[in-house]
Each structure stands twice: as structure tokens, then as C-alpha cells.
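FYI, it's all coordinate maths here, none of it is from the lab. In this text, all values refer to a predicted model and were calculated from it rather than measured experimentally. Positions of Cβ are generated from backbone atoms using ideal geometry, with glycine treated the same way; all protein chains shown enter the neighbour counts.
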Amino acid sequence: MPELPEVETVKRTLNELIVGKQIEQVTVRLPRIIQRPDDIHAFAMELAGHHVTGVERRGKFLRILLDGLVLVSHLRMEGRYGLYDRGEPVEKHTHVIFHFTDGTELRYKDVRQFGTMHLFNSGEDLISAPLYKLGIEPLDEAFTAEALRDAVGSRATSIKAALLNQAYIVGIGNIYVDESLFRASIHPAQAAKSLSMDQISRLHRAIVDTLSESVAAGGSSVKSYVNGQGQSGSFQHQLQIYGRKAEPCIRCGTAVEKTVVAGRGTHYCPSCQPVPTM
């Protein structure tokens with residue numbers, strides 16, 4: 001968390017808030033957030049004077065576009081951005097501050113301190129780590145049922161593990177994998193390579209619908225997620241299976257169970273998503 005819908009929402013919010021602003025200076029209060037370059041002073045100096053031209057998303061990463069540079073930012077578990085007026089008190093756990101010439105500041109706050117930032121010359125980021133090995137975007141037109149089959153259909157691992165692997169499909173984390181598999185009536189532990197084309201087609205539609213609905217709702221604020229304006233998402237109120245352990249399944253009334261698949265807590269309905277037979 002945050003996953004694709006939350007990062008997409010932050011992207012859209014930042015496009016409204018910071019595009020056109022010029023960076024005057026940058027303050028780095030926690031050096032390990034900055035992964036590239038490895039010198040925080042060089043990081044700050046390179047950014048000074050540049051204008052923000054747009055914000056894009058690649059998987060769970062933000063791409064903050066500047067004139068001649070790209071800042072790749074991963075929010076990890078609890079990273080968040082907010083726009084403030086200069087002079088407003090700086091909250092605890094604020095690790096990077098982008099001071100703009102108009103007197104506003106984009107502040108990066110991260111309680112868990114797992115977030116990262118990489119700075120590249122334009123055009124270098126998509127062919128360099130951490131972006132260059134990422135898989136297909138599930139909300140792109142190129143993501144078809146056939147593309148999903150090609151990405152995961154030959155994997156011996158569980159379908160949940162395959163969907164969580166960002167080298168195959170990007171942006172889908174634990175919440176949306178559970179939701180998509182429930183909608184498609186597929187058990188999370190079923191081997192990816194054992195899925196029929198009918199199951200693949202159902203899963204494809206479930207992934208697209210789940211992510212699209214969450215983006216429209218501003219994402220899910222299951223824990224601490226808020227967008228760049230401090231607003232929570234609302235898709236958590238539409239979750240059909242995730243976080244509903246022991247509650248009745250919304251389709252059949254059977255108690256939702258929770259287990260561990262691919263090392264992650266996994267919610268499923270034992271009736272609607274029966275254990276696959278070998």
C-alpha cells in the first residue's frame with residue numbers, strides 16, 4: 001500500500017498542484033530516501049531552477065517530469081506528498097522538501113521511511129533501475145486477456161504470486177489481487193499455468209474493473225493513504241473480500257477465510273473460490 005489506484009490518484013492530484021512551478025531549492029532531511037545520485041547535495045543542486053512539466057505513473061512509481069530531468073518516486077508503504085505554504089509548520093516525518101519560487105513547498109512525508117527517490121536525465125529512467133524491468137500496465141489498452149495469459153499463463157507459481165510480481169503486471173498489490181481473484185471466482189493458490197482461457201478472461205475483466213472502480217473512488221484508504229491534498233480515498237467501502245475475515249461472503253453467505261498465499265495475508269471465499277483439484 002499504496003497500489004496502482006492510490007498512486008494514480010496522487011499523480012492526478014500532483015498534476016493539479018505543482019505543474020508549472022519552479023524549484024528554488026531542495027531540503028533533504030533523511031539522506032537514505034535519495035537513491036540516485038548518492039550525494040544529497042548533488043541531488044538538490046541538480047533540481048534547483050527546474051520547472052515541473054508533468055507527473056506520470058509507471059506501476060506503483062511516480063514520474064515527476066521536469067525540464068530535462070525525471071524524478072522517480074516510490075511511496076512504498078506510507079509515503080505521501082502534500083503542498084504547503086512556506087512558513088507552515090513542518091510535520092514530523094517530513095524527509096524531503098521541494099521549495100518553489102512562488103512560496104509554496106511540496107513536502108514528502110514517510111512515517112515508515114521506506115520510500116525512495118531516483119533522479120535521471122530525461123529518457124534514462126525507463127531504461128534504468130528501478131523501472132526498466134517492470135511488466136505490462138493493467139489499465140493500458142495493450143492489457144488484453146491474451147496479454148494476461150502471455151504474462152502469467154506459463155507460471156508454475158500460484159496465480160496470486162504471479163499477479164503480485166511486478167515484472168509480469170505492474171501496480172497490483174495485495175488488496176487488489178484478492179479483490180480481483182474473488183470477482184473472477186479463482187482460488188488464490190491455484191497454479192497460474194492451470195488457468196483455463198475462460199478463467200483468464202474472467203480474471204482480466206476483474207482486474208480492469210476493480211482497478212478502474214478504485215481509481216474513480218480515489219483509491220482505498222485502508223491504512224494511512226491520502227492524496228496530495230490530504231483527502232482519503234473511498235474504495236475501501238466497496239471492498240468485497242479483502243479485510244472481511246469471518247464475515248459472510250456477499251455472494252453466498254459463507255464465512256470469508258484468511259490464509260497465507262505467496263507470503264501475504266489472503267482473503268477468499270471457500271465456496272465461491274474452491275480449492276483447485278489436482
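General observations
- Using only side-chain charges placed at the Cβ, +1 for Lys and Arg and -1 for Asp and Glu, the dipole size of region 4-127 relative to its Cα centre rounds to 460 debye.
- Region 145-268 - charge dipole about Cα centre, Lys and Arg +1 at Cβ, Asp and Glu -1, debye rounded to 20: 260 debye
- Labels on offer are [x] 18.6, 66; [y] 20.0, 64; [z] 18.4, 56, and the one holding Rg and Dmax of the Cα atoms in Å computed from this structure is [y].
- Taking other Cβ atoms within 10 Å as a rough exposure proxy, GLU105, GLU24 sort from fewest to most as GLU24, GLU105.
- Mean residue ellipticity (222 nm) of the chain, computed from DSSP H runs ≥ 4 via -39,500 (n - 2.57), nearest 500: -7000 deg cm²/dmol
- HN-Hα J in Hz across region 165-182 - Karplus 6.51, -1.76, 1.60, θ = phi - 60°, x for Gly and Pro: 6, 5, 6, 9, 9, 9, x, 8, x, 4, 4, 7, 5, 4, 5, 5, 5, 5
- Rough spin-label spacing in nm, given labels placed 7 Å along Cα→Cβ, for ASN121 and ASP209: 4.8 nm
- A straight Cα-to-Cα reach below 26 Å connects LYS258 with the lysines LYS60, LYS160, LYS193, LYS223, LYS245, residues fewer than 8 places away in its own chain not being considered.
- Region 3-111: C-alpha gyration tensor shape, a/c 1.5 cut-off, then a/b vs b/c: rounded
- Taken as Cα centroids, region 10-37 and region 135-212 sit 33 Å apart, rounded to the nearest whole angstrom.
- Debye intensity ratio in log₁₀ form over the Cα atoms of region 145-268, taken at each q of 0.10, 0.17, 0.22 Å⁻¹: -0.30, -0.87, -1.33
- Considering only THR116, LEU164, CYS269, the residue lying farthest towards the positive end of the dipole of the chain is CYS269, judged by Cα position with unit charges set on Cβ.
- Residue exposure sequence - HIS51, HIS41 - by fewest surrounding Cβ within 10 Å: HIS41, HIS51
- Fraction of antiparallel bridges per DSSP, the chain only, in percent to nearest 5: 95 percent
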